[in-house]
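The values are calculated or read from the model by the stated rules, or taken from the named source; none is laboratory data. On a predicted model such as this, the values are computed, not experimentally measured, just so you know. Note that each Cβ is placed from the backbone with ideal geometry, even for glycine, and that neighbours are counted across all protein chains shown. Ligands, DNA and RNA are excluded from the accessible area calculation, which covers all protein heavy atoms including side chains. Shrake-Rupley method; radii C 1.70, N 1.55, O 1.52, S 1.80 Å.
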Amino acid sequence: MTEIRYLKAVNTALSDAMDADPSVVLMGEDVGEAGGPFGASRGLLERFGPSRVLDGPISEAALAGAAVGAAMSGLRPVVEIMFMDFTTLVMDAMVNQAAKVRFMFGGQTSVPMVLRTPHGGGLGAGPQHSQCLEAWFAHVPGLKVVCPSDPASAYGLLRAAIADPDPVVFVENKALYAMKGEIADPPAPFAIGRAAIRRSGTDVTIVAYGAAVHTAGTAADRLAERGVSAEVVDLLSLQPWDEATVLASLSRTHRLVIVHEAVEAFGVGAEIAARMAQVGFDELDGPIMRVGAPFMPVPFSKGLEAAYMPSVDAVLQAVDKTLE
Amino acid sequence: MRDRELTERRLDEAAEITALLRDLLIVRRAEERLSAMFADGEVPGFIHLSIGQEAVSVGVMRALRVEDTLASTHRGHGHAIAKGMPLEGFFSELLAKNEGLCRGRGGSMHVADMSVGMLGANGIVGAGLSIALGSALAHKTLGRNAVAVAFFGDGALAEGLVHECMNLAALWKLPLLFVCENNGWGEFRPTSQQLAFALGDLASAYRIPHRIVDGNDVVAVAEAAEAVVRSIRKGEGPAVLECMTVRVRGHFEGDAQKYRDQAELDAMTERDPIRVVCERLAACGVNDTDLDGLTREVDAVIEAAVAAARRGTDPDPVAARHDVYTDGAAA
Ligand SMILES: Cc1ncc(C[n+]2csc(CCOP(=O)(O)OP(=O)(O)O)c2C)c(N)n1
Ligand SMILES: [Mg+2]
């Protein structure tokens, strides 16, 4: 085991994938000479040259659309979109093209591309640089969506996403880039569609993904002090998501709380809650609770943003409610 | 062309021009057949025909090889057939059969055949430009000596994606040919009411060579396409070929075109691509082209494809659900 930062895990996954497969190319704004707006592609231009690390202009729609055409023509492109908020500009490429090509052309071709993009608030970046829009993509048949929570899952899921034959939206979290964590040597890929149980417990299941996994973990620590044993399930993949693991956990604890940083209404949590109400109804001993952001834009002021972000206290309240 | 000298090979051999005539007739008769079947209620959904514009598809394809790729539009039957999509797979798809090349999931607006580099018609105006851009990038990165072609209409020029794609193609010097089929219309209004610029001016802003041809003259299109494709294949970067043409039918089948002048509609027969190519043949001394005989021959091929398509089966809903992802997991 070695300890590396989340950002370095992304960087290493890109570099290892490019080493392993000459058809992997990177494109995006400032991914080359500048090493990526956050440093995720540092050193890659020097290693792999300008034909595989393409500095693109500020043209999100064309870069994402080009990734679709390139993926249909023999490349495995990884496109970086600087902030998830800017994915509004790639929606046609992702929703009408990448997601549909395999199906609407009768399985003639797949679209092996990855769209990497960071979401998340807490950094004072304001309403247009903080949003968590992953549920939009998870709603589209044909796309896969993953969201790692630590360096090992960032590495493992990115390798899996690049190797996957279908389009994958790889959601990073800006607030996690500096996080350190253990990673196997050599690091291992993670299977898309598989959740991880981060902490075993018997009284309540807390399902979370991305940075919210850490909020859930802290809440579980506090609950343990009060004698409540919480199981924390890290989804890792949102589309497809690991229904079996969530259901198995619910069957042990009989209580379910779902936590994410994205707006609560119409979110990933709503889908999980609805499915568990259907397939896990007999297991439930309390209401399924959701903890997400309120239905408002991410605010700029520190105080406003702190009030906006789903907190440990909010998770504790939700747990209390379902244990009532 | 602005800054490139292009030498054109004249297409003056009767045999070559007759081959083009035959290709034109295949697209024309296939679409006329579709039009009749649509009127009979046999073709589901809605269809956009390229009748009157076939010389663009056939002429450009004359310059392409099987490994060259293209991305098309909502009006893509001609591109698909001329690139080599088999007629049986084509008609089966339009009749929504499991034997269709897209297994009855795409239909008219999504005909595609990867095996001949036809990366798909597209229901989203302008989207094909970025697909072709990416395909050109793949050709270049993988060291193939292939060219990608983006077909689009004049109405698409108002989409912002056109700007992004032209800028990127020029910046990255990609082997990409932009083919604008300028038929003067975008749905129900002349594009003169939709565009404040001319394509040539746009192309010159990106320093991309631009050439205008008579898009109803298949020989002129083929000669121009051959010249630009040759320069693109040599690594000289993208080019724009603007083909001035005429949309004979409505925007879609069933559009009565009440918004068009009778005079304009009458003038179209004068410039019919099949008439124009027969004049070309006459000019090189061939006055005995048996148009009726050739049409009968083409019709027999089309009839066989239609008959085979009609024998096709309905697509299976379960199989369709398992084709959303490559691993076959049910959606
Ligand atoms: C993004 C988008 N906007 C609008 C439409 C509806 N639409 C379909 S075809 C068309 C006109 C396109 O005109 P042009 O590009 O000139 O092609 P033509 O129909 O003349 O072949 C429009 C507006 C669409 N399919 N996609
Ligand atoms: Mg038009």
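Kindly indicate which of A:161, A:224, A:154, A:208 is open to solvent by less than 10 Å² (accessible area, probe 1.4 Å) and assigned by TED's automatic domain parsing to the domain that holds residue A:309.
Residue meeting the stated conditions: A:208.
Of all the listed residues (B:260, B:280), the sole one being of a type in the set (D, E, K, R) and away from ligand 2 (no atom under 16 Å from the Cβ) is B:280.
When you look at residue A:137, is it assigned by TED's automatic domain parsing to the domain that holds residue A:98, in a strand (DSSP E or B) and either under 30 Å from residue A:294 (Cβ atoms) or of a type outside the set (Val, Ile, Thr) (or both), yes or no? No, not satisfied. Output the residues belonging to region B:162-196 that are surrounded by 24 or more Cβ atoms within 10 Å (Cβ to Cβ) and among the charged types (D, E, K, R). Residues satisfying the conditions are B:164, B:181. Candidates in region B:41-56 are the residues that are in contact with a Gly (Cβ under 8 Å, 6 or more places away or on another chain), of a type in the set (Gly, Ala, Ser) and not in a helix (DSSP H, G or I); of these, the one that is most open to solvent (accessible area, probe 1.4 Å) is B:45.
Of all residues in region B:167-201, those that are away from ligand 2 (no atom under 16 Å from the Cβ), within 24 Å of residue B:247 (Cβ to Cβ) and touching a helix residue (DSSP H, G or I) at 6+ places or on another chain (Cβ under 8 Å) total 1. Just one residue in the set B:125, B:116, B:147, B:111 is among the β-branched types (Val, Ile, Thr), open to solvent by 10 Å² or more (accessible area, probe 1.4 Å) and away from ligand 2 (no atom under 16 Å from the Cβ); that residue is B:116. Take the conditions (1) in a loop (DSSP other than H, G, I, E, B); (2) without any contact (Cβ under 8 Å) to a residue 40 or more places away in the chain; (3) within 14 Å of another protein chain (Cβ to nearest Cβ); residue A:165 misses just one of them, which is (2).
Evaluating residue B:216 against the criteria (1) under 13 Å from residue B:53 (Cα atoms); (2) surrounded by fewer than 24 Cβ atoms within 10 Å (Cβ to Cβ); (3) not aliphatic (A, V, I, L, M) leaves one unmet condition, (2).
Among the residues examined, residue B:202 qualifies as at pLDDT 95 or above, within 16 Å of ligand 1 (Cβ to nearest atom) and not in a strand (DSSP E or B).
Only one entry of B:130, B:72, B:135 meets the criterion of being within 29 Å of residue B:172 (Cβ to Cβ), within 16 Å of ligand 2 (Cβ to nearest atom) and buried (at least 24 other Cβ atoms within 10 Å of the Cβ), and that entry is B:72.
Pairing each residue of region B:21-49 that is within 14 Å of another protein chain (Cβ to nearest Cβ) with any residue that is more than 16 Å from ligand 1 (Cβ to nearest atom), provided the two are 6+ apart or on different chains, yields C-beta distances under 9 Å for B:45/B:94; B:45/B:96. Kindly provide the set of residues from region A:267-320 that are in a helix (DSSP H, G or I), over 27 Å from residue A:119 (Cβ atoms) and open to solvent by 70 Å² or more (accessible area, probe 1.4 Å), ordered by number. Passing the criteria: A:278, A:281, A:282.
Checked against (1) out of contact with any Lys or Arg (no Cβ under 7 Å at 6 or more places or on another chain); (2) within 15 Å of residue A:230 (Cα to Cα), residue A:286 meets all criteria but (1). Does any residue of region A:115-129 turn out to be under 30 Å from residue B:115 (Cβ atoms) and either in a loop (DSSP other than H, G, I, E, B) or under 17 Å from the mean Cα position of the chain (by Cα) (or both)? Among the residues of region A:115-129, at least one is under 30 Å from residue B:115 (Cβ atoms) and either in a loop (DSSP other than H, G, I, E, B) or under 17 Å from the mean Cα position of the chain (by Cα) (or both), which makes the answer yes. Contact map, region B:119-133: first residue at negative phi, second residue within 15 Å of ligand 2 (Cβ to nearest atom) and among the acidic types (Asp, Glu), Cβ cut-off under 8 Å, separation 6 or more or different chains; pairs are B:125/B:159. Of the residues making up region A:116-127, at least one is touching a Phe, Trp or Tyr at 6+ places or on another chain (Cβ under 9 Å), open to solvent by 30 Å² or more (accessible area, probe 1.4 Å), away from chain B (no Cβ under 14 Å) and among the hydrophobic types (A, V, I, L, M, F, W, C).
For region A:248-275, a residue qualifies if it is farther than 27 Å from residue A:130 by Cβ and touching an Asp or Glu at 6+ places or on another chain (Cβ under 8 Å), and the qualifying residues are A:249, A:250, A:251, A:252, A:253, A:254, A:255, A:275. The set of residues in region B:150-184 that are more than 8 Å from ligand 1 (Cβ to nearest atom) and of a type in the set (Asp, Glu) contains only B:164. For region B:216-223, the criterion of being away from ligand 1 (no atom under 16 Å from the Cβ), touching a residue at least 60 places away in the same chain (Cβ under 8 Å), in contact with a Leu (Cβ under 6 Å, 6 or more places away or on another chain) and within 14 Å of another protein chain (Cβ to nearest Cβ) is satisfied by no residue at all. Among the residues here, residue A:149 qualifies as open to solvent by less than 10 Å² (accessible area, probe 1.4 Å) and of a type in the set (Gly, Ala, Ser).
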